[in-house]
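Student: Quick one: the structure is below, and I'll ask about it shortly.
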Protein chains: 2
Amino acid sequence: IILESIEGLLSSPADFKGLKVLVTAGGTREPIDPVRYISNRSSGKMGYALAAAALQRGAKVTLVSAPTSLSPPAGVELVSVETAQQMYEAVMERFPAQDIVIKAAAVADYRPKIVASHKIKKQEGTLLLELEKNPDILYELGQRKKSDQTLVGFAAETEELEKNAHYKLHAKNLDLLVANDVTRPGAGFGSDTNIVKLFYRDGRMQSLPLMDKKMLAHRIFDVIRELRSTGNSNS
Amino acid sequence: IILESIEGLLSSPADFKGLKVLVTAGGTREPIDPVRYISNRSSGKMGYALAAAALQRGAKVTLVSAPTSLSPPAGVELVSVETAQQMYEAVMERFPAQDIVIKAAAVADYRPKIVASHKIKKQEGTLLLELEKNPDILYELGQRKKSDQTLVGFAAETEELEKNAHYKLHAKNLDLLVANDVTRPGAGFGSDTNIVKLFYRDGRMQSLPLMDKKMLAHRIFDVIRELRSTGNSNS
């Protein structure tokens, strides 16, 4: 696998030249008050690896990133956001100009309905936090996608991975879904490696072995190149 | 100020030799499900700077740290925790052996009452998250403190800083409270600088100018040394 990937790198140094790729990364933060927020365990590593791979392969890359502790690859256009709503706006604005969009960010499904303007003080008893739904960025992208655009989604699951992945692929009109069971060692958030299954529109499912996220990023672009050459879109 | 602090460093290289210092740092994470959590904007920089300063001044240092993106100073005993409950247990177990405890961590006051064992799927409408109180580590430490132990707390406030600080100092039986208004530029979470007010048991309040967190850490140990030399405890 290692040799194959290195060969892939050497033999296709610029196979995405002339293409615009937008990658989202990181985990959004949804404020409860000026100090507290709801977030998730996304490290941003998968998204940053995808942005770096796209750059290496000649694409013009926009990285829309929620907070991470990573440095963006030199050469990307970085758009820093915090909340799902901000990510929604940043992505929607840029979507029409893109050839390929990969949503690797872990976007909060819910946000606090009311954001307190001051730090909430401790009080007696329990506290109820009402959450409302965030916009569904991937669904909106799938709706607006044109036939020459490729849309790739990620799914982090803890149960019923295949069922959820097939549903998400079709409900959101994706060209490819990369799903991982985050409960498996080596596939979790924060890890440098991942273990994923690829779900295709034609019903195929492909299990990849544990691999470095950088290597997986190139593998995903190999698949995208293949999909685009055979006409992946909206079929 | 810079010269003064450098002199302080040079002239007192080991004024905490023989003392045990425990510092807490970072922002705790309170899981909602395997993927999502509630956290806060603490970067851990203040706590890590305090641990480094204590080491430089000769102390034996234990750093109980919630997740941060920082590297612990070489030479500390690092105890990594995630939740407030884990921090409570780690600190309580080690408290009797300490001479000085500085609680710089941003500990969640509340945690989700029920932690879902699987990732919560999106559903129609809003969602109610019930939160219950975490143990109050600082209060428990104040209760158990012996006369030769020094207990220092932090308070991050967004309003009524002085009133809240005076209350916290006495309610939690602290020897010193370091309070900052996190809404001020240069005093916020994540910043390399801080602007704080020091509150003493005798009612004194001292406003410090904007300073680097590393410098502030040494300033706090200067104050602790002074308090311990004049007998700060439980008076």
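Student: Give a residue-ordered list of calculated ³J(HN,Hα) values for region B:15-27 (Karplus: 6.51 cos²θ - 1.76 cosθ + 1.60, θ = phi - 60°; whole Hz; x for Gly, Pro).
Tutor: Computed from phi, the couplings for region B:15-27 are 6, 10, 4, x, 9, 9, 10, 10, 10, 9, 8, x, x Hz.
Student: Under the rule of at least 5 residues apart or a separate chain, name every residue whose amide H is placed under 5 Å from the amide H of residue A:106.
Tutor: Distant-sequence amide H within range of residue A:106: A:26, A:27, A:28.
Student: Determine the percent antiparallel among the DSSP beta bridges restricted to the protein assembly as shown, to the nearest 5. Write out the running numbers ahead of the final one.
Tutor: Details: 40 of 90 bridges.
Counting only bridges with both partners in the protein assembly as shown, antiparallel ones make up about 45 percent.
Student: How much net charge surrounds residue B:173 when only the other residues with a Cβ under 15 Å from the Cβ of residue B:173 are counted, with Lys and Arg +1 and Asp and Glu -1? Intermediate values should be presented prior to the final figure.
Tutor: Numbers: positive: B:103, B:144, B:145, B:146, B:168, B:172, B:201; negative: B:136, B:140, B:148, B:175, B:202.
With Lys, Arg at +1 and Asp, Glu at -1, the net is +2.
Student: Distances from residue B:185 to the same position in the other copies: list them in nm, one decimal, shortest first, using label points 7 Å from Cα along Cα→Cβ.
Tutor: 5.0
Student: Once you've got the Cα coordinates, tell me which of A:146/B:119; B:60/B:113; A:17/A:103; A:146/A:168; A:146/B:121 are over 26 Å apart.
Tutor: Working: A:146/B:119 32 Å; B:60/B:113 37 Å; A:17/A:103 20 Å; A:146/A:168 19 Å; A:146/B:121 28 Å.
Beyond 26 Å between Cα atoms: A:146/B:119; B:60/B:113; A:146/B:121.
Student: Moving on. Considering only Cα-Cα distances, which of the following residue pairs are longer than 24 Å: B:45/B:122; B:172/B:214; B:20/B:214? Please list the in-between numbers first.
Tutor: Details: B:45/B:122 35 Å; B:172/B:214 26 Å; B:20/B:214 19 Å.
In this structure, B:45/B:122; B:172/B:214 lie more than 24 Å apart at Cα.
Student: ³J(HN,Hα) across region A:181-187 via Karplus (A = 6.51, B = -1.76, C = 1.60, θ = phi - 60°), whole Hz, x for Gly/Pro?
Tutor: 8, 6, 7, 7, x, x, 10
Student: Let me make sure I get this right: for chain B, a, b and c are the square roots of the gyration tensor eigenvalues over alpha carbons, sorted descending. Under 1.5 in a/c it's rounded, otherwise prolate if a/b > b/c, else oblate. Which is it?
Tutor: Details: a/c = 1.70, a/b = 1.66, b/c = 1.03.
Prolate.
Student: Say each of residue B:117 and residue B:86 gets a label point 7 Å from the Cα, pointing the same way as Cα to Cβ; how far apart are those two points in nm?
Tutor: Distance between the two pseudo-spin positions: 2.0 nm.
Student: Only bridges whose two residues both fall in chain B count here: according to DSSP, what percent of them are antiparallel, nearest 5? Before the final figure, lay out each step's value.
Tutor: Details: 15 of 40 bridges.
So the antiparallel bridges in chain B amount to around 40 percent.
Student: Please report the relative contact order for region B:109-235, taking Cα pairs under 8 Å with a sequence separation of at least 6, and give it as a percent rounded to a whole number.
Tutor: On the way: 170 pairs, mean separation 23.5, N = 127.
This gives 18 percent for region B:109-235.
Student: As a check on your grasp of the helix formula, calculate [θ] at 222 nm for chain B: sum -39500 (n - 2.57) over DSSP H runs of n ≥ 4, divide by the residue count, round to the nearest 500.
Tutor: Numbers: 6 runs with 70 residues, N = 235.
Result for chain B: -9000 deg cm²/dmol, rounded to the nearest 500.
Student: Need one number: % antiparallel among DSSP beta bridges in region A:20-71, to the nearest 5. It would help to have the intermediate numbers written out before the result.
Tutor: Numbers: 2 of 8 bridges.
Roughly 25 percent of the beta bridges in region A:20-71 run antiparallel, per DSSP.
Student: Where a ≥ b ≥ c are the square roots of the eigenvalues of the C-alpha gyration tensor, would you call region A:120-215 rounded, which needs a/c under 1.5, or, failing that, prolate if a/b is larger than b/c, or oblate?
Tutor: oblate
Student: Just to confirm my numbers, what's the Cα centroid distance between region B:58-72 and region A:135-206 in Å?
Tutor: Region B:58-72 and region A:135-206 have Cα centres spaced 38 Å from each other.
Student: Then there is this: Provide a whole-number value for the mean count of partner chain Cβ atoms within 10 Å of the Cβ atoms in peptide A:146-158. Mind showing how you got there, number by number?
Tutor: On the way: counts 0, 0, 0, 0, 0, 0, 0, 0, 0, 1, 3, 4, 8.
That works out to 1 on average.
Student: Report the chymotrypsin sites (Phe, Trp or Tyr not before Pro) located in region A:170-205 that are in a DSSP loop and have at most 10 other Cβ atoms inside 10 Å of their Cβ, or state none. Let's see the in-between values first.
Tutor: Values: sites: A:189, A:199, A:200; in loops: A:189.
Listed in order of number, the matching sites amount to none.
Student: Next question. State, to one decimal in nm and shortest first, how far the label point of residue B:128 sits from each corresponding label point in the other identical copies (label point: 7 angstrom along Cα-to-Cβ).
Tutor: So the label point of residue B:128 gives 0.3 nm to the other copies.
Student: Amide H to amide H, which residues 5 or more places from residue A:154 or on other chains are under 5 Å from it, using H placed in the peptide plane?
Tutor: For residue A:154, the qualifying residues are A:103, A:178.
Student: List, in order, the whole-Hz ³J(HN,Hα) value for each residue of region B:140-146 obtained from phi through the Karplus relation with A = 6.51, B = -1.76, C = 1.60 and θ = phi - 60°; use x for Gly and Pro.
Tutor: 5, 5, x, 5, 8, 4, 9
Student: Taking each residue in A:115-123, count the Cβ atoms of any other chain within 10 Å of its Cβ, then average. What number comes out?
Tutor: Mean shielding count: 4.
Student: Under the definition of partner shielding as Cβ atoms of other protein chains within 10 Å of a residue Cβ, what is the mean value for peptide B:35-46? Numbers along the way, then the final one.
Tutor: Numbers: counts 13, 10, 6, 8, 8, 8, 7, 1, 1, 0, 0, 0.
Mean shielding count: 5.
Student: Same structure again: Quick one: which of B:175-185, A:22-32 comes out on top by average Cβ neighbours within 10 Å, and what's the full order, highest first? If you can, show how the numbers build up before the last one.
Tutor: Numbers: B:175-185: 20.1, A:22-32: 25.6.
Answer by packing, highest mean first, reads A:22-32, B:175-185.
Student: Would you please give the residues with an amide H less than 5 Å from that of residue A:113, counting only those at least 5 places away or on a separate chain, with H modeled from the backbone geometry?
Tutor: A:130, A:131, A:132
Student: Cβ under 15 Å from residue A:109's Cβ, residue A:109 left aside: what net charge do those residues give with Lys, Arg +1 and Asp, Glu -1? Provide the component values of the computation, followed by the final result.
Tutor: Details: positive: A:29, A:41, A:103, A:111, A:113, A:133, A:168, A:172, B:36, B:119, B:121, B:122; negative: A:30, A:130, A:132, A:136, A:140, A:157, B:33, B:124.
Surrounding charge for residue A:109 is +4.
Student: Another question, then. Label-to-label distances across copies for residue B:143, with labels 7 Å out along Cα→Cβ, in nm, shortest first?
Tutor: Those separations, rounded to one decimal, come out as 5.4 nm.
Laboratory data are not the source of any read-out in this text; all were calculated from the coordinates shown. Quick caveat, the model's predicted, so the values are computed rather than measured. Reconstructed Cβ throughout: ideal geometry from the backbone, glycine too, with neighbour counts over all protein chains shown.
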